[in-house]
Amino acid sequence: MEEFDPARLINRVGTTQDRDAFVELFGHYAPRVKAMMIRRGASPDRADDLAQETLVRLWRKAAQYDPARASASAWVYTIARNVSVDAMRREGRATPWTEEEGVDLDEPERQLLAAEREALVQSTIVSLPEEQLRVIRMSFFDGLPHSQIADLLGLPLGTVKSRIRLALQRLKDRLGGLI
Amino acid sequence: MTSITHHPTDETLAAFASGTLDEARSVVVSMHMSFCPVCNNKARRYEAIGGALLDRTSPAAMKPDALQKVLQLIGTDLQAPAVKPEGLLDHYQLGKWRWVWPGVRQRSISVPVVSNIKVFMLRAEPGIQLPHHKHTGYEWTCVLEGAFEHQFGRYGPGDFDEADETLEHKPTICEGAACVCLVALQGNIEFQSGWGRLIQPLLRL
């Protein structure tokens, strides 16, 4: 069994429009992008559509992917992020989340962090203090603006910003070689 | 000499990389990024964090027909479309240059106004001193040509200036060429002098 090597698969899509490679990429990324879209406030149906749109864009942009610039997942993340931002702008929303739509972050957040903690043991992200990981996650994955993270956690905006700054500094120190 | 000395904060770049900045501010940050390899590298590092989180998230099962639909959609694409380099402001309409103040002109940019944030270009002749003012919200600026100066230093092409409502300032355009800036402004500008207050209504877009 060949190991999943997304950068090579993207390259095959980009150079020879290899549909088998694309199906493999779809299998890995579409459900994860869907999860990300749900975290960003999309309904499951909408999230499915946005994940499809992300994979279509991946197909169309595959030739532009440069593995020297970004890991495959970082590249897919930027496409998904742009799809989510474009969708919100089409719908005339300033931010991904409104208070009415806000879900209770507490419980799912804790579970996600717990589930991820295992997977992240070997990774540097888990080395962050939980309070920092939480704000990083809410910002990068859930797509919440800093002001809203402050509201949801009942913290002053300055505290949220300084946690993000500390976390980024730490990630920068440890993940410097990642890209 | 066009070395960039004023950058967005790390928090701003992180917000940009995570897609949580509003469109108006994203446009100004993108403009800075088009000048600045340092900030591009930082943003890429933050995107790598997003990629790591994406890899490790629990998947949400796609609908059974999703793959089929996507394969149909891409079925007609034999070749990836040629990439046409596009300008940052290509998606928007630029208004006409309008007079706002002696030696100062402004043109609107059709970024949709959300939360009272407007995006425009400002062009000021060398030596002009903008009236002493403060803001009711933030004002983010990226210099495109020329330079201005205020109490925090000199801002030339590519430099980025984040001002918020706590700041009062009085920028002066440096000698040489006219200074053209891209600005995202939330709320309004409040002049601190009587003369400025007289023309205040003119500055509203």
**Request:** Name every residue in the range B:26-56 that is small (Gly, Ala, Ser), farther than 15 Å from A:Val85 by Cβ and without any contact (Cβ under 8 Å) to a residue 40 or more places away in the chain, in order of residue number.
**Result:** B:Ala48, B:Gly51, B:Ala52
**Prompt:** Can you name every residue in the range B:85-137 that is basic (Lys, Arg) and in a strand (DSSP E or B)?
**Reply:** B:Arg98, B:Arg105, B:Arg107, B:Lys118, B:Arg123, B:Lys134
**Item:** Selection from the range B:1-29 of residues that are among the acidic types (Asp, Glu) and over 14 Å from the mean Cα position of the chain (by Cα)
**Value:** B:Asp10, B:Glu11
**Message:** Looking for something more than 18 Å from B:Gly158 (Cβ to Cβ) and either at pLDDT below 85 or touching a Cys at 6+ places or on another chain (Cβ under 9 Å) (or both) - is there at least one such residue anywhere in the range B:29-39?
**Reply:** no
**Prompt:** If you check B:Leu53 against the conditions, is it within 13 Å of chain A (Cβ to nearest Cβ) and modelled with pLDDT under 90?
**Reply:** yes
**Prompt:** Of the numbered conditions (1) modelled with pLDDT of 50 or more; (2) farther than 18 Å from A:Tyr77 by Cα, A:Asp106 satisfies every one except a single condition; which is it?
**Reply:** (1)
**Asked** Taking the range A:48-59, which residues are surrounded by fewer than 23 Cβ atoms within 10 Å (Cβ to Cβ) and either more than 8 Å from every other protein chain (Cβ to nearest Cβ) or closer than 18 Å to A:Leu144 by Cα (or both)?
**Response** A:Asp49, A:Leu50, A:Glu53, A:Arg57
**Asked** Out of all the residues in the range B:79-87, is one or more farther than 24 Å from A:Asp142 by Cβ, among the small types (Gly, Ala, Ser), modelled with pLDDT under 90 and in contact with a helix residue (DSSP H, G or I) (Cβ under 7 Å, 6 or more places away or on another chain)?
**Response** yes
**Request:** Test A:Val23 against the criterion of being modelled with pLDDT of 95 or more, surrounded by fewer than 23 Cβ atoms within 10 Å (Cβ to Cβ) and among the aliphatic types (A, V, I, L, M), and give yes or no.
**Result:** yes
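The values are calculated or read from the model by the stated rules, or taken from the named source; none is laboratory data. All figures in this text were calculated on a predicted structure; none of them were measured in a lab. Quick reminder, even Gly has a Cβ in these numbers, built from the backbone with ideal geometry, and neighbours come from all protein chains shown.
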